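Colleague: My questions will all concern the structure given below.
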Amino acid sequence: MKNLLRISTFLKPYRWQVTASLAILLTLTGLNLLVPRIIQSVIDDGLVGGETNNLIRSALLLFALGLGSALLNLTHRYISEWIAVNVGYDLRNRLYDHIQYLPFSYHDHAQSGQLISRCIEDVRSIERFAGSSIAELVRFVFLSFGILFVMFSVNPKLAIISLLPIIPLILMTSSFGTKIGKLFFAVDSAVGEVSNRLQENVTGVQVVRAFAREEYETVRFEKANKAVFTTWVKVIDEWAKIMPTTNWLTLISTMLILWFGGQMVMDGTLTIGAIVAFNAYILMMAEPAQALTGLVNAGGEAAAGAQRVLEVLDVAPAIRSKAGAIKLENLRGEIEFRGVGLKYQNEKNASLDGINLKVEPNRLVALIGPTGSGKTSFVNLIPRFYDVSEGTVFADGHDIREIDLAMLRNQIGIVLQTSLLFSDSIKNNIAYGRPDASMDEVVAAAQAAQAHEFIEGFPNGYETVVGERGVTLSGGQRQRVAIARALLMNPRILILDDSLSSVDTQTEKLIQAALDKLMEGRTTFVIAHRLSTVRRADLIVVMDKGRIVQRGTHAELLKEGGLYKEIHDLQLVGQAKFSDEMEMVEEIIGTKPESGKHENTLMQRKSDN
């Protein structure tokens, strides 16, 4: 219940509509309470008393009440559903917006399918309850108090007798509400798991087909779907237990009225019209009383949805701009790590430990090291994807936690190893970081990334819509579009996370030539495994087990020996030889080489190694 009360704060913007809805419900309750009294008058005064005019007046009055109630019900239904739809709209927007600002550490452990389920299914259950269910609950409360008031004013003794079966009904409904809330939380969690299984399978369909694991994935989905079925059966079982009991208790109330009320009529202490009216009031209460279990059922579902939604909303965005953050509109590009350590959530060992490094503006820094050495963790700290566990990262001498986050990230261009494109036009994907960029600027960025030619080869050119995650493009094409997206930002700091891994040797040379020009005047961090990139760096940082174990230029590190030389000899020399051979083939196929050119080239490269 407390979760529903918290969600009710979303009703504040619609207080006038809520007030109007409550006023209409109160009016409808009053009109409904008049009907049994009119029937009592018809029997006692019209039929028994012989007043013909009373019959005519009562008939006209009942017609007017029916017409008025119909119009008010229509108005109320429209207002209540309008409120529900707007609450759902606001809640979905709030939830989605909140997810955008949750830290990477949250997304590292959260299942995307569960988040999707919370944004859709759980919000929908709250929306349904905020619409018809909560209105029916309020109507039941108003009607119950009204009926109790009328019944006790007519005959307190008969009122108490007729309401005795209602007491166990209330107790049973309360117990039902407690059980059903827990069951619906289990249902929502199971539905979220189904959503997660579906999302993972659709996203990884190529891997599933490649390994012929369709049957395995079908079994996994069936298990998740079976969990939904099982939890729903438990809900239906609880529902089946209480519904017959509710009907039976209501019937007992009618029997008590007829038995004890009939004796009062025979004793002359109660009129026939009064007992008919009494029975009408009980039947009037019986309908919402029987529906009460359904309302509790809807409330339990909404409470479970609210709990799951609030679990996300209660996660505070740990990484955000502080009040009065420094507005650095033009970074020079100086980056310094001072005593930096990083330990991810729920991990025993630190990913970074004791990192001390100062990079002057406009430098090219290459990061190299074994898998899991902390290279990606290192660059992720610069745009504050994560906050340090200890130490400080500085940009232009300012602690980056003190800098306005949007301004910091707007001056950092990032190209990841796996490039994600959105299901949108190529133009909009390139202009994602700068939606106000002109078409000329988009084309210039694409040309610099060597993407313009293949884009123009599509029938719709830059307006070509790529598939989900850019699957309609090849790996190299996606990478070049991602590079164009980063270049359009005109960043002061450039981060390339092995961004040339998905392109062929010839395309790499074209992109590298463009990057050479564009990296001028920028501080660039490159995670690379190709010798051509590492050799050219102003500073090579060698990492191992979260620490910087070596630093220097290519020549200095080769002379020093150690891990860099081991990596170089094991991995990079082979790449260099392959690159040499490819260049020789290209020269032979292309133009006739000058005498001694190959030998001089090879000798020069061997001396570099």
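Colleague: Quickly run through region 379-404 and pick out the residues that are among the hydroxyl-bearing types (S, T, Y) and modelled with pLDDT of 90 or more.
Modeller: Result: T392, single match.
Colleague: Please indicate, with yes or no, whether at least one residue in region 287-299 is in contact with a Leu (Cβ under 8 Å, 6 or more places away or on another chain), modelled with pLDDT of 75 or more and buried (at least 17 other Cβ atoms within 10 Å of the Cβ).
Modeller: The answer is no, given that none of the residues of region 287-299 is in contact with a Leu (Cβ under 8 Å, 6 or more places away or on another chain), modelled with pLDDT of 75 or more and buried (at least 17 other Cβ atoms within 10 Å of the Cβ).
Colleague: For V276, indicate whether it is in contact with a Pro (Cβ under 8 Å, 6 or more places away or on another chain), surrounded by 13 or more Cβ atoms within 10 Å (Cβ to Cβ) and farther than 23 Å from I167 by Cβ.
Modeller: Taking the combined requirement at face value, the residue satisfies it.
Colleague: What is the number of the single condition among (1) outside any loop (DSSP other than H, G, I, E, B); (2) of a type in the set (A, V, I, L, M, F, W, C); (3) in the same structural domain as V340 (by TED's automatic domain parsing); (4) at pLDDT below 85 that M407 does not meet?
Modeller: (4)
Colleague: Here's a follow-up. What is the residue count in region 442-475 for residues that are among the acidic types (D, E) and within 33 Å of the chain's Cα centre (by Cα)?
Modeller: 2
Colleague: Can you pull out every residue in region 410-433 that is modelled with pLDDT under 85 and either over 30 Å from H398 (Cα atoms) or part of a loop (DSSP other than H, G, I, E, B) (or both)?
Modeller: Those that are modelled with pLDDT under 85 and either over 30 Å from H398 (Cα atoms) or part of a loop (DSSP other than H, G, I, E, B) (or both): L416, Q417, T418, S419, L420, L421, F422, S423, D424, G433.
Colleague: Here's another thing I want to ask about it. Can L283 be described as part of a helix (DSSP H, G or I), within 25 Å of G146 (Cβ to Cβ), within 31 Å of the chain's Cα centre (by Cα) and modelled with pLDDT under 75?
Modeller: no
Colleague: Within region 73-138, which helices (runs of 4 or more DSSP H) (wholly inside it) include 2 or more residues that are within 17 Å of L5 (Cα to Cα), at pLDDT 85 or above and not acidic (D, E)?
Modeller: In region 73-138, there are no helices (runs of 4 or more DSSP H) which contain 2 or more residues that are within 17 Å of L5 (Cα to Cα), at pLDDT 85 or above and not acidic (D, E).
Colleague: When you go through (1) at pLDDT 85 or above; (2) at positive phi one by one for Q450, which number turns out not to apply?
Modeller: Just one mismatch for Q450, condition (1).
Colleague: Look through region 477-494, keep the residues that are of a type in the set (D, E, K, R) and in a helix (DSSP H, G or I), and return whichever of them is nearest to A395 (Cα to Cα).
Modeller: R485
The values are calculated or read from the model by the stated rules, or taken from the named source; none is laboratory data. Here the structure is a predicted model, which is why all the values come from computation and not from measurement. Heads up, the Cβs are rebuilt from the backbone with ideal geometry, glycines too, and the neighbour counts pull from every protein chain shown.
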